[in-house]
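What follows is a set of notes on a single structure, which appears directly below.
The values are calculated or read from the model by the stated rules, or taken from the named source; none is laboratory data. Predicted model only: the values in this text are computed from it and were never measured. Note that we place each Cβ from the backbone using ideal geometry, even for glycine, and neighbour counts take in every protein chain shown. Protein only, heavy atoms only, side chains kept; ligands, DNA and RNA dropped before computing areas. Shrake-Rupley method; radii C 1.70, N 1.55, O 1.52, S 1.80 Å.
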Amino acid sequence: MAPKTSPEVGGMGHSLKRKEDPRFIRGKGTYVDDIQLPGMLYLDIVRSPFAHAKITKIDTARALAIPGVLAVITGQDLAKYNLHWMPTLMSDTQMVLPVEKVMYQAQEVAAVLATDRYTAADGVDAVEVEYEPLPVVVDPRKALEPGAPVLRTDKKDKTDNHIWHWEWGDRAATDRAFLEAEVTVKEDIYLPRIHVASIETCGCIAHFDKVSGKLTVWMTTQAPHAIRTVFALVAGHVGLEEHKIRIISPDIGGGFGGKVPVYPGYVIAVAASVLTGKPVKWIEDRMENLQADSFARDYHIAAELAATRDGRLTALRIKTLADHGYTDAAANPSKFPAGLFHICTGSYDFQAAHVEVDGVYTNKPPGGIAYRCSFRVTEAVHTIERMADLMAHQLGMDPAEFRLKNFIKPEQFPYRSALGWEYDSGDYTAALRKAMDRIGYAALRREQADKRARGELMGIGISSFTEIVGAGPSKHFDILGLKMFDSCEIRIHPTGKAIARFGTKSQGQGHETTYAQILAEELGIPAAHIQVEEGDTDTAPYGLGTYASRSTPVAGAAAAMAARKIRDKARKLAAHLLEAAEQDLVWEPGKFSVKGAPGRARTIQEIAFAAYTNHPPGMEAGLEAVSYYDPPNLTYPFGSYICVVDIDRGTGEVKIRRFVAVDDCGNIINPMIVEGQIHGGLTMGLAPALYEEISYDEQGNIRGGSFMDYLLPTAVETPKWETDKTVTPSPHHPLGAKGVGESATVGAPAAIANAVVDALWHLGVRHVDIPITPAKVWKLLRDHGVTE
Ligand code: CDP
């Protein structure tokens, strides 16, 4: 679709350079750690070496003797104010600092407050803690066995480690479909723990002004308003009421879901500032970030598919164990403990489906954040796309042909899935066909056959995923009761320039540019003339924040709706200025003209000036609007990815030769930014597919707690991504746009895993869990007699 506005105006469809980049590329961004306040104190944290242990003694004397160490804060200190536990977003409880025992390695045990960061670190080393180790449970299957040690002894009536059971779909119809099925396949799939690795770790500066009683917290949060409310709910009893709390998210160096939860460090810093009346800074280091902040995935999935002999899918059945660590601190909408996992029917037209998930406690840090994925969608997509390939191979069908046969067809939209979601729009066939053409699918299959005959290992993997992003609708989606809408407030200044504020918070996605483009599209004011602000709860309208690719579907829609309110008032003003009836005016981006007399027109800038200088009697001055947008549905972006791999028979190394990604996120605001989102997302999909995993030994010691062991792909490992698109607008979004931020991370791992299994299928390999390391592949090759 050609852009409606000129490049100078820069509305939708223009690849405008990012407004935020001049400050970032000059190193002039303002991140939390850049902020220095007079008299600021520093906090550092003592962490547990044990995964499960009783604390028998905390000796602070040596630490307190260090010049510059002002205090050592323990759980006992916080308990005096009832601040040693806090609620999680899933209504569980989490320790701020422990009083009795620690529940995972690297858990916060005490905090040292000092005049500078290095002294605080010295103080941490000098705190002496005595522990009495307790039995450790790291495997959720063992955690559920009878006789397993009960971990949450703080919960009086708890007799096991089971957190919740959740199920969705028609169990009886699904069981029947499996009984009647001509072909079934079954696989156990594990999606290991992984962790975000944002450039910036988490941290805050808490500043409590004892005179005004106001607390200001600069913090690395993706959801400042929600955090303000949570702080008020937790600390209202000690005088921190919501109007006395200001949360500011300044520039944020990557969030990816990891900056949604409230971590103990934030709360301790706030408590320390309230007690001392001084600003207190806490910035975690890289290892603390990697070892202790909330994790993603850790789903043990048993999946089954049923189909007819000629390759028509009939039913899906899934049972899952969700390892949440010692508390359920997942960042999910409250009514969905397993997030949106029931999007697991994917792009296929199933008659019946049933999914069950059980949450389990283990001695690990809290899990369940939506790491660049809309609440468990990665787990769902990986499962269905792996299973689709398994079924296709089992039936002896080409995986592309199998998908084309089973896709929901364009004429079936809006489509209600067997698990109850209403998909807004899609054309899966078009996306897969485009990817196949682009990569030369038929020729690749011929090449693969030739290579196989020569004993070479080449695989082609497809992932045709459906995402689900843009929570709410608020009737289904809330977090701790806060409805999941979002907001935009626009003020047009007299000279036709504007400021717009949002309830979301960019962490690198380019909102300052794309939101300005939406307003340019709707109002004809050049994007360059529109300042976008987010992240300050004292100025921005209330919103639920940025995660789960919800900014465009929800706040982007709010921007369009607020702009349309401005346009309604501008029409009245134009009618007054042109002495014409409102209904006789025609709008084109940037001006109103009189129907049939295009010369009689007023620009939006002239109208804005009149709003302050010449508004008609009876009309209020000014040109402002606010919209709180509650979407009628989620948006369902999708795509088809095809990956070609070559596998080294000797070492098991997987080399990605080509990767074509065709994405569809409806109408696009900024094509360059979308491409950037997809490139970054693909690399973040490559990462867990081949490299990243955090595991634990039997004692709960973290393996992968530093970048020596937790392998992030660099430019060297990253293949050349070939991207393309189809455009299927969302019918309910005011701009026809869908979210895109997470599509590639969600869709990519299955394409890579499918390519690897495709290369090895003829040897008898049916599945390989990610990350697909050379050692795993080499072992498979050895087990199947290929290598020694
Ligand atoms: O919530 P988050 O910003 O992470 O995700 P998003 O709404 O998918 O947007 C990511 C970036 O891509 C933002 O700058 C969007 O405005 C941009 N985008 C776009 O230009 N066109 C779309 N259809 C979707 C997103």
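In percent, rounded to a whole number, the relative contact order of the stretch 103-200 is 12, using alpha-carbon pairs under 8 Å and six or more apart. Of the whole protein surface, Asp568 contributes about 100 Å² of accessible area at a 1.4 Å probe radius. Working ranking of peptides 604-610, 722-728, 544-550, 381-387 by packing, defined as the average number of other Cβ atoms within 10 Å per residue, highest first, is 544-550, 381-387, 604-610, 722-728. A simple spin-label model places pseudo-atoms 7 Å from Cα toward Cβ; at Val211 and Ala173 they are separated by 6.7 nm.
Shown in residue order for the stretch 632-649 are the 3J(HN,Hα) couplings computed by the Karplus curve 6.51 cos²θ - 1.76 cosθ + 1.60 at θ = phi - 60°: x, 7, 7, 9, 10, x, 7, x, 10, 10, 10, 10, 10, 10, 10, 10, 6, 5 Hz (x for Gly and Pro).
Mind scanning Lys244/Lys475; Lys214/Lys278; Lys158/Lys186; Lys17/Lys738 and naming the pairs with a C-alpha gap bigger than 23 Å? The answer is Lys244/Lys475; Lys158/Lys186.
Taking one quarter of the surface of the C-alpha convex hull of the stretch 686-788 gives a mean projected area of 10.8 nm².
Between the beta carbons of Val586 and Lys565, assuming R0 = 22 Å, the FRET efficiency works out to 0.70 to the nearest 0.05. Residues of the stretch 66-87 falling in the label zone of His237, defined by backbone nitrogen less than 20 Å from a point 7 Å along Cα to beta-carbon, are 74-87. Heavy atoms of the protein chains alone define the surface here; on that basis the chain has 36 Å² accessible area per residue at 1.4 Å probe size.
Binning all Cα-Cα separations of the stretch 240-318 at 5 Å, short to long from zero, yields these whole-percent fractions: 3, 9, 14, 17, 11, 9, 6, 5, 6, 6, 5, 4, 2, 1, 0.
Taking chymotrypsin sites (Phe, Trp or Tyr not before Pro) across the stretch 63-169, the ones in a DSSP loop with at most 15 further Cβ atoms lying within 10 angstrom of their Cβ are Tyr81. Computed over the stretch 359-456, the alpha-carbon pair-distance distribution with 10 angstrom bins reads 12, 29, 33, 17, 9, 0, each value a whole percent. Over the stretch 171-256, all Cα pairs binned in 10 Å intervals from 0 give whole-percent P(r) values of 14, 28, 16, 11, 14, 12, 4, 0, listed from short to long. Among the chymotrypsin sites (Phe, Trp or Tyr not before Pro) within the stretch 207-285, not one is in coil by DSSP while having at most 11 neighbouring Cβ atoms inside 10 Å. Couplings 3J(HN,Hα) for the stretch 506-522, derived from phi with the Karplus relation 6.51 cos²θ - 1.76 cosθ + 1.60 (θ = phi - 60°), are 5, 10, x, 6, x, 4, 4, 8, 6, 5, 4, 5, 4, 5, 4, 4, 7 Hz, where x marks Gly and Pro. Taking the accessible area of the chain, probe 1.4 Å, and keeping the other protein chains in place, the carbon and sulfur fraction comes to 53%. Extending 7 Å from the Cα toward the beta-carbon at both Lys572 and Val99 defines two label points whose distance is 5.8 nm. Considering only Tyr423, Leu340, Thr714, the residue lying farthest towards the positive end of the dipole of the chain is Tyr423, judged by Cα position with unit charges set on Cβ.
Taking every alpha-carbon pair within the stretch 1-57, the share separated by more than 12 Å comes to 81 percent. For the peptides 762-770, 711-719, 6-14, the ranking by packing is 6-14, 762-770, 711-719, with the highest mean count of neighbouring Cβ atoms within 10 Å listed first.
The trypsin sites (Lys or Arg not before Pro) of the stretch 161-218 that DSSP puts in a loop, and whose beta carbon has at most 14 other beta carbons within 10 Å, are Lys210.
Convex hull volume of the Cα atoms of the stretch 1-96, normalised per residue: 290 Å³. So for the stretch 122-238, considering every pair of alpha-carbon atoms, how many percent are separated by more than 25 Å? The calculated P(r) of the stretch 122-238 puts 66 percent of pairs beyond 25 Å. For the stretch 477-494, the residues whose backbone nitrogen is under 11 Å from a point 7 Å from the Cα of Ser334, taken along Cα to Cβ, are 477-484. In a fully extended conformation the segment linking Leu64 and Thr30 would gain 8.9 nm over its present Cα-Cα distance, using 0.36 nm per residue.
Put a plus charge on the Cβ of each Lys and Arg, a minus charge on the Cβ of each Asp and Glu, and nothing anywhere else: the dipole of the chain about its Cα centre is then about 1280 debye.
A straight chain from Arg649 to His476 at 0.36 nm per residue would run longer than the Cα-Cα distance by 57.2 nm. Please work out the Cα center distance from the stretch 182-223 to the stretch 536-561, rounded to the nearest Å. If you average the Cα positions of each part, the centres end up 18 Å apart. Taken along its three principal axes, the alpha carbon spread of the chain comes to 86, 74, 50 Å, from the longest extent down to the shortest. Evaluate the distance, in nm, between pseudo-label points positioned 7 Å from the Cα of Ala443 and of Ala2 along their respective Cα→Cβ axes. Label-label distance for Ala443 and Ala2, simple model: 3.3 nm. Principal axis extents of the C-alpha atoms in the stretch 237-283 (largest first, rounded to whole Å): 32, 22, 18. Computed over all pairs of different Cα atoms, the Kirkwood value for the hydrodynamic radius of the stretch 486-584 is 13.9 Å. Contact order for the stretch 27-108, expressed relative to its length and based on alpha carbon pairs under 8 Å spaced 6+ residues apart, stands at 40 percent. Counting only lysines at least 8 places from Lys505 when in the same chain, those with an alpha carbon closer than 16 Å to its own are Lys19, Lys259. Values of log10 I(q)/I(0) for the stretch 621-771 across q = 0.09, 0.11, 0.18 Å⁻¹ run -0.40, -0.56, -1.08, by the Debye formula with one identical scatterer at each alpha carbon and no solvent.
The mean sequence distance of close C-alpha pairs (under 8 Å, at least 6 residues apart), as a share of the length of the chain, puts its relative contact order at 16 percent. Take the Cβ atoms of Lys17 and Ala715, set R0 to 25 Å, and the FRET efficiency comes out at 0.70. Computed extension gain for Met40 through Arg152, at 0.36 nm per residue and net of the alpha carbon distance, reaches 36.6 nm. Can you give the FRET efficiency to the nearest 0.05 for Tyr542 and Arg491, using r as the Cβ-Cβ distance and R₀ = 25 Å? Approximately 0.90, to the nearest 0.05. Taking the alpha-carbon distance from Lys451 and a cut-off under 14 Å, which aspartates and glutamates remain once sequence neighbours fewer than 8 residues away in the same chain are dropped? Within reach: Asp646, Asp648, Asp758.
Dipole magnitude for the stretch 107-197: about 260 debye, using +1 per Lys or Arg Cβ and -1 per Asp or Glu Cβ, origin at the Cα centre.
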